[in-house]
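To start, the structure under review is shown below, and the notes come after it.
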Amino acid sequence: MKKAQIIIVGMGGQGVQTIAKILALAIVQNGCNVSYIPRFGVEQRGTPSVAFIKSDPDKINYPLFNVADWLLILHPGARAEAAGYIDKKTQIIFDSSLMAANQINGNLSNFFGLPAVKLANDNFSGRSANLIFLGKISKELGLPFEVVWQEMLKVLGKKFKSGAVKEEGRQALLAGYESSSEKGIFFQPTHQPSKGMINLKGGGKQLFLAPERCKGCGICIVKCPVGAIKFGRRAGAFATPLPEVDLDKCNVCGNCFLYCPDGAIKVEKKNKKYGDN
Ligand code: SF4
Ligand code: SF4
């Protein structure tokens, strides 16, 4: 593997640091030295998250760099974080399902679209888009698929609660690894996040969920006493997975509303309006 300087940018909650860590470990396993510097805000969810990775067959004397060979943009909200690190030679891979090419700063001759969120929503789950990016950059860097997969198992193994979830993660990684680079002009994002309040009824209750506020933190899932909430397949406005509620299981305890840091979710007895006492 040759020298490479890579920047990955996205929003907190998209798994930028997770794939950066796996990539760094895979580079080491492939016989290179590596440096990995994470950078994110005090509020991890919904704010830009950046990872700087440097690989070198020789000793790395200084981990920082001025210009990236590769830039991965997982979310348009974080693209400005990389503006000072690109030049005409930087290969830019961006999520063409979330943003148009003309939203990218800098020279546009070396950019490639990877509709990761759309691919994830259509085939896997909203949580897999980062793994598609990981597969893509791994292939571009010449890392063997199995090396990356084994490092992914070490980092994410405990999160694979079933064989099916594990296989889905592997397939998402493979989808990125085998994806072709789409070079061209991408004027329109193909993923439309749900807009407006989602209002579902069932079992004498109704759910209010605001996809433009939800950052996919999962706190509501942890705080639900009856296990009625889980992440669904769709991604919200931050390209993080949206929760789904099993209204038959829900006992309307109010915990999800109480603990959600963004006021994005509430379950009420049917026929109340959001905000009613
Ligand atoms: S109201 Fe309570 S039981 Fe219902 S989904 Fe929210 S946390 Fe779970
Ligand atoms: S609804 Fe709120 S608590 Fe649940 S995942 Fe979204 S932001 Fe987090």
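The values are calculated or read from the model by the stated rules, or taken from the named source; none is laboratory data. Small disclaimer: the values here were computed from a predicted structure and weren't measured. Cβ coordinates were reconstructed from backbone atoms using ideal geometry, including for glycine residues, and neighbour counts include every protein chain displayed. Quick note on the areas: whole protein, heavy atoms, side chains included, nothing else; ligands and nucleic acids left out. Shrake-Rupley method; radii C 1.70, N 1.55, O 1.52, S 1.80 Å.
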Accessible-area value, VAL9, 1.4 Å probe, nucleic acids and ligands omitted, Å²: 0 Å²
Run the simple label-point estimate for ASN33 and LYS158 please: 7 Å along Cα→C-beta, distance reported in nm. 3.2 nm
Regarding the stretch 22-106, what's the average projected area of the Cα-atom convex hull, expressed in nm²? 6.5 nm²
In the chain, which cysteines lack any other cysteine Cβ under 4.7 Å from their own? CYS32, CYS214, CYS217, CYS224, CYS250, CYS253, CYS260
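Determine, for the stretch 133-185, the count of lysine pairs separated by eight or more sequence positions (or lying on different chains) whose alpha-carbon distance falls under 17 Å. Mind dumping the intermediate values first?
On the way: LYS136/LYS183; LYS139/LYS183; LYS154/LYS166; LYS158/LYS166.
Close lysine pairs under the 17 Å cut-off: 4.
Can you check what the net charge comes to around SER35, using other residues whose Cβ is under 9 Å from the Cβ of SER35 (Lys, Arg +1; Asp, Glu -1)? Before the final figure, lay out the partial values.
On the way: positive: LYS54; negative: ASP56.
Here the count lands on 0.
So what is the diffusion coefficient of the stretch 80-157 in µm² per second by Stokes-Einstein at 37 °C and 0.692 mPa s, using a Kirkwood Rh over Cα pairs? Before the final figure, lay out each step's value.
Details: Rh = 13.9 Å.
It comes out at roughly 235 µm²/s.
Counting only protein heavy atoms, what percent of the accessible surface of the chain is carbon or sulfur at a 1.4 Å probe?
Values: 6760 of 13200 Å².
C and S fraction of accessible area: 51 percent.
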Length added when fully stretched, GLU146-ASP122, from 0.36 nm per residue minus Cα-Cα: 6.2 nm
Surface accessible to a 1.4 Å probe, ARG234 within the full protein complex, Å²: 110 Å²
What are the lysines whose alpha-carbon lies under 24 Å from the alpha-carbon of LYS266, with same-chain residues fewer than 8 places away excluded? LYS195, LYS201, LYS205, LYS215, LYS223, LYS230, LYS249
Distance (nanometres) between label positions extended 7 Å along Cα→Cβ at ASP262 and LYS166: 3.2 nm
So, for the Cα atoms of the stretch 198-269, Rg and Dmax in Å stand at 10.8, 31
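Please state the charge dipole magnitude for the stretch 198-269, taken about the Cα centre, from unit charges on C-beta atoms (+1 on K and R, -1 on D and E), reported in debye and rounded to the nearest 20.
It comes to approximately 40 debye.
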Tell me, what is the FRET efficiency for LEU200 and MET1 to the nearest 0.05, using R0 = 51 angstrom and their Cβ-Cβ distance as r? 0.55
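Suppose we keep just the DSSP beta bridges with both residues in the chain; what percent of those would be antiparallel, to 5? If you can, show how the numbers build up before the last one.
Values: 31 of 42 bridges.
Among the beta bridges of the chain, antiparallel pairing accounts for roughly 75 percent.
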So what are the radius of gyration and Dmax for the Cα set of the chain, in Å? 19.7, 66
